[in-house]
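Worksheet: the structure to be examined is printed underneath.
The values are calculated or read from the model by the stated rules, or taken from the named source; none is laboratory data. Because the structure is predicted, anything quoted here is derived from the model rather than measured. So basically every Cβ, Gly included, is an ideal-geometry build from the backbone, and we count neighbours across all protein chains shown.
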Amino acid sequence: MSINVTRSSMPNYEEYCEEIKELWDSRWLTNNGAKHKQLEADLKKYLNTKGVTLFTNGHLALEIVIEAMNFPKGSEVITTPFTFASTTHAIARNGLVPVFCDINPIDYTIDVTKIESLITDKTVAIVPVHVYGNMCDVEMIDAIAKKHNLKVIYDSAHAFGVKYKGVSSANFGDASMFSFHATKVFNTIEGGAVTYNDSSLEVVLTDMKNFGLHTPEEGIYVSGNAKMNEFQAAMGICNLRHIDEEIAKRGRAVARYRERLGNTNGIILCPIQENVETNYAYFPVVFDGYKYTRDEIFEKLKANDIIARKYFYPLINGFECYKNLETAGEEKTPVAKHIANRVLTLPLYADLTIEDVDKICDIILN
Ligand SMILES: *Cc1c(COP(=O)(O)O)cnc(C)c1O
């Protein structure tokens with residue numbers, strides 16, 4: 001039996017059918033229907049935040065919340081190259097210039113000691129990324145942003161349900177983007193959300209995800225379509241009922257991985273972050289000076305029908321599409337380059353058995 005890097009969480013078939021049944025009566029399939037309203041309310045409660053706006057996917061959520069900030073074209077946004085393509089593209093597609101800050105070698109989030117040296121008079125925002133369920137140094141980022149009058153928009157795609165000092169990841173910065181893609185800890189098949197505490201964002205985001213129409217007769221923004229539909233919302237309602245159990249099950253697999261791989265020279269695991277309640281989104285392993293390289297381990301696992309993922313690799317500042325950007329170049333972010341060339345995320349999902357974790361570890365350690 002093959003083991004994939006992830007396996008989507010789904011409710012029982014019957015539970016989902018029950019949830020979507022009334023759509024055959026209402027015939028209301030999208031545009032802020034009953035399921036959409038309920039999921040927004042459920043998420044406000046679960047994420048313990050004032051504002052939640054749903055989107056058809058995480059990428060458009062991020063692209064639109066950045067657009068909602070109304071930065072002048074050509075402004076600079078400090079972010080990290082150790083992320084998924086979406087983060088950088090959301091900045092660049094808004095006509096803004098991504099400026100790549102290196103990551104710290106401990107938890108692989110943005111290196112807060114290097115942010116200030118990248119600030120110029122064109123800088124308008126920081127877009128940090130919580131990675132693998134690790135939180136960024138939100139206190140330091142907040143202090144830097146206040147000092148330099150910058151907006152902070154978190155890419156929280158990996159941080160659904162994560163808490164720092166008991167505070168939900170949805171409550172830091174000016175806004176946070178969550179992805180509910182099928183591969184994420186919480187999914188709505190495809191989907192996403194923006195969370196925020198400034199209530200004025202609600203109307204702007206709601207209009208912007210629906211062609212910029214404030215009412216059917218008032219077009220305020222030149223905008224596209226990024227609405228979540230009722231079937232996505234229904235999947236979210238069901239999955240949210242089971243989320244705590246799903247996260248706990250991921251935690252059990254992670255505990256086994258740590259037990260098996262934690263004390264081996266050349267195998268580096270992320271330390272458990274202080275004051276953070278993680279969601280165990282991913283299990284990254286860095287092979288640095290181990291008897292096999294990351295790529296060799298990847299191939300060994302693959303030969304055994306086990307699919308791991310080189311994630312994040314390659315760095316976004318090395319992408320072809322950014323080669324003409326003055327701020328691009330992997331060599332400008334040496335720590336991120338070092339990690340990207342050595343990191344592998346191992347299979348991790350709620351139903352991954354301890355036996356499977358052992359099988360994977362046996363192959364790595366053989
Ligand atoms: C998944 C992901 C996204 C994009 O989310 P989608 O819902 O797939 O559009 C953005 N950033 C990061 C870090 C991600 O992992």
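Here are some notes:
- Checking each residue in segment 105-156 for being among the small types (G, A, S) and in contact with a strand residue (DSSP E or B) (Cβ under 9 Å, 6 or more places away or on another chain) picks out A125, G133, A145, S156.
- Some residue of segment 54-73 being in a loop (DSSP other than H, G, I, E, B) and within 16 Å of the ligand (Cβ to nearest atom): yes
- Residue among Y311, Y282 that alone is closer than 28 Å to V99 by Cα and surrounded by fewer than 18 Cβ atoms within 10 Å (Cβ to Cβ): Y311
- Residue match in segment 159-181 (condition: within 16 Å of the ligand (Cβ to nearest atom), in contact (Cβ under 8 Å) with a residue 60 or more places away in the chain and under 21 Å from P105 (Cα atoms)): yes
- Residue within segment 322-332 that is in a loop (DSSP other than H, G, I, E, B) and among the aliphatic types (A, V, I, L, M) present: yes
- Selected residue [touching a Phe, Trp or Tyr at 6+ places or on another chain (Cβ under 6 Å), at positive phi and surrounded by fewer than 22 Cβ atoms within 10 Å (Cβ to Cβ)] from G191, G266: G266
- Scope segment 303-318; condition in contact (Cβ under 8 Å) with a residue 24 or more places away in the chain and assigned to a helix (DSSP H, G or I); matching residues: I316, N317, G318
- Taking strands (runs of 3 or more DSSP E) as the structural unit, those lying wholly within segment 172-290 and holding at least 2 residues that are assigned by TED's automatic domain parsing to the domain that holds T49 correspond to 175-179, 192-196, 213-215.
- From the list V131, V138, the one residue that fits, being touching a His at 6+ places or on another chain (Cβ under 8 Å), in contact (Cβ under 8 Å) with a residue 24 or more places away in the chain and within 23 Å of E63 (Cβ to Cβ), is V131.
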